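Here's the structure we're looking at; comments come further down.
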Ligand code: P6P
């Protein structure tokens, strides 16, 4: 059996299929791959190194920053800056977007929105965490400074998006709008290899993922949908399995492979929910749609939402089209 393709070989192979693809995007994804290898190593040593636990600082979200958040933020920032094709990044760990010095060629045509480590509160208890990234073309003229509106683009114009899950194995899953492919990291070789080509949600509804601890705060439609998921109806495969790790990338990835819907609704105590539009929901919505599913905020396609702020939150529902259509019946 021939050796599976590495991530870079795959991108170069695909690049030949799409003449409009340029080496810059290949370079950019290579930078993300490099930084994720460093994060993989630190996570796997976390129990041994003094990077467990909080750094004592808080981020823009007012959340206590785990030391790995800071390490990952620096690694992705430096890797993206070094490649010269990214002019600015927005990070969950940074209050404002960060513009990189224009390289001499002024060819920095991409901007990146990233959550360097999502679910960091799970680090100390050995639950999988993830990196989520979203790539756009900048809109402003390259001879000017980057402006906020370069980041406030609808998710439907993303050039590429993906995530890295640091779990029982480390995987990078991404899309450029031509399907979803997953690559597993082989630490003995130090490279990512194509392990999950052309990922699609399974047809059969299987899992629902939501923090039911907040049921008292959910709208009636959500509560009725949860009752529907738990009803016994063998003709339609219900009750569905309840699975919720409390780490977005882990919950989303399991549902993508096994056929499940992820729900983080707006609620009485947090009308826009908790998840961030730019660097959590838009990239995962791109992946969900490319894998044959849907993603909405309950009444609008996530990728059509008009962003207003860098760190804005949004209710988020993502899953196979059939499960999303079932949910929609309860939200009308
Ligand atoms: P809750 C982690 O903090 C996170 O942002 C996501 O990774 C996760 O899905 C969600 O919050 C969990 O939130 O309110 O259920 O604890």
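The values are calculated or read from the model by the stated rules, or taken from the named source; none is laboratory data. Everything numeric in this text was worked out from a predicted model, so none of it was measured. Every residue, glycine among them, receives a Cβ derived from its backbone with ideal geometry; neighbour counts consider all protein chains shown.
Structure values in brief
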item	result
Qualifying residue in the range 301-322 (condition: farther than 21 Å from residue 158 by Cβ, under 15 Å from the mean Cα position of the chain (by Cα) and touching a residue at least 24 places away in the same chain (Cβ under 8 Å))	no
Those helices (runs of 4 or more DSSP H) lying entirely in the range 1-97 with at least 3 residues under 19 Å from residue 160 (Cβ atoms) and at pLDDT 95 or above	23-45, 67-83
Filter result (closer than 29 Å to residue 10 by Cβ and touching a strand residue (DSSP E or B) at 6+ places or on another chain (Cβ under 6 Å)) within the range 194-208	194, 195, 196, 197, 199, 201, 206, 207
Sole exception among (1) at pLDDT 95 or above; (2) outside any helix (DSSP H, G or I) for residue 143, by number	(1)
Residue within the range 269-283 that is crowded, with 16+ Cβ neighbours inside 10 Å and more than 14 Å from the ligand (Cβ to nearest atom) present	yes
Near pairs, Cβ below 7 angstrom, 6+ apart or cross-chain, from the range 252-269 (within 15 Å of residue 280 (Cα to Cα)) to any residue that is within 10 Å of the ligand (Cβ to nearest atom) and in a loop (DSSP other than H, G, I, E, B)	263/210; 264/273; 264/274; 264/275; 265/273
Failed condition for residue 179, given (1) more than 16 Å from the ligand (Cβ to nearest atom); (2) free of Cβ contacts under 8 Å to residues at least 60 places away in the same chain; (3) in contact with a helix residue (DSSP H, G or I) (Cβ under 8 Å, 6 or more places away or on another chain)	(2)
Residues that are outside any helix (DSSP H, G or I) and either assigned by TED's automatic domain parsing to the domain that holds residue 172 or modelled with pLDDT under 95 (or both), drawn from the range 211-253	233, 237
Subset of the range 243-253 (residues that are surrounded by fewer than 22 Cβ atoms within 10 Å (Cβ to Cβ) and more than 8 Å from the ligand (Cβ to nearest atom))	243
Count of the range 108-131 residues which are touching a helix residue (DSSP H, G or I) at 6+ places or on another chain (Cβ under 7 Å), more than 9 Å from the ligand (Cβ to nearest atom) and not in a loop (DSSP other than H, G, I, E, B)	9
Qualifying residue in the range 150-160 (condition: buried (at least 24 other Cβ atoms within 10 Å of the Cβ), touching a residue at least 60 places away in the same chain (Cβ under 8 Å) and within 16 Å of the ligand (Cβ to nearest atom))	no
Test: residue in the range 275-288 that is outside the structural domain of residue 177 (by TED's automatic domain parsing), more than 22 Å from residue 170 (Cβ to Cβ), out of contact with any helix residue (DSSP H, G or I) (no Cβ under 6 Å at 6 or more places or on another chain) and without any contact (Cβ under 8 Å) to a residue 24 or more places away in the chain	no
Candidates 294, 204 - the one that is over 25 Å from residue 122 (Cα atoms), more than 16 Å from the ligand (Cβ to nearest atom) and assigned to a loop (DSSP other than H, G, I, E, B)	204
Search result, residues across the range 254-274 that are assigned to a strand (DSSP E or B) and within 14 Å of residue 175 (Cβ to Cβ)	none
